1. Only counting other Cβ atoms within 10 Å, I'd like 238, 228 sorted with the fewest neighbours first.
2. At a Förster distance of 41 Å, what's the computed FRET efficiency of residue 93 paired with residue 250, Cβ-Cβ distance as r, to 0.05?
3. Can you tell me how much longer the chain between residue 205 and residue 182 gets when fully stretched, taken as 0.36 nm per residue apart minus their C-alpha distance, in nm with one decimal?
4. Could you list, in their original order, any pairs among 104/247; 105/274; 97/188; 171/274; 105/171; 97/247 whose Cα atoms are separated by more than 26 Å?
5. At a Förster radius of 30 Å, what calculated FRET efficiency corresponds to the Cβ-Cβ distance of residue 217 and residue 293, to the nearest 0.05?
Amino acid sequence: MRYKERMKRLLWLVVGVLTAIQSRAQYDAAFANYWALQSYFNPAASGIDGLLNVQGAYSMQLVGFENAPSTMLATADLPLFFLNPRHGAGVGFMNDKIGLFANKKLYIQYAYHQPLWGGRLSIGARLGLLNETFDGSGLDLSDSGDPAFATAEVNGTGVDVDAGVRYTYKKLWYAGLSTMHLTGPTVKLGDDKTHEVSVGRLFYATGGYTVHFRQPRYVLYTSAILRTDMQAWRGDVTARLAYDGEKIHLYGGLSYSPTVSVGVQLGTTFHGLKIGYAYEIYTGGIGALHGTHELVLGYQMDLNVFKKGKNMHKSVRIL
């Protein structure tokens, strides 16, 4: 049996109930706040809103279970106004840990935005470096001499490529398609390179629509994401009702992932600082207290020093 398959089988034994959770059937972690982390799920979203976006997310899944997954993500993207507002760029770092496995990814990305049909068509690409680690020292095997399993910590690195397209129509709606791990990299572990982890392609479809009311202070944001590796899939739909005040922005919402989870989301934006929280309850019968806690922190700032009227001041003589 190939080492990749035996490692997967051991992973399920270590984590136990994870076999019932479809959201972990794919290589990449799923974030409940996917709508807030768009430049991670699609590199074409880099610099899309004309602002500097710095964000961090931390997700603790299956709380209460030993060796449960946890994921940390940090991203930053911005428009390159010194070239042309049609250019965007970004960087990011992801650390995903589940049982004895740890997956890390460091990446840079670029996007080009072209006006089209009253909106913008964006094309993006990402170049990343994967680091895969398996801690064999944590194993407790009856057959300690089995060469298929590493008995110490082994790791390896590989090159990863992602790409995506996206269309945004003003501030009303957007739709995008992206592919993670486009080249299907295989990372060889250990000094002797006898073990390996193969990473399959993962496809994403994302979209969102904004509903405006007669009362302009209130807005309904709807969004959806579908991800698949052509063997398993997960879909999420989210609706958030937001209050847009003069100094503060508040929202509350619900999310639903068929056969996986239901969840609640809360958040606020104040002076460019964004704070969001989500809690997912799995519908697989493991109990409401063993769900996922997710926290997102972010900061936005307008970098366009060339914007017409920016930094203009009236003289007190003509007030």
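Nothing in this text is a laboratory measurement; each read-out follows from the coordinates by a stated rule. What you see is a predicted model; the values in this text were computed from it and never measured. Cβ: placed from backbone, ideal geometry, glycine included. Neighbour counts: every protein chain shown.
1. Ascending Cβ contact count within 10 Å gives the list 228, 238.
2. Calculated value: 0.90.
3. Answer, rounded to one decimal: 6.8 nm.
4. Those over the limit are 104/247; 105/171; 97/247.
5. For residue 217 and residue 293, the calculated efficiency is 0.50.
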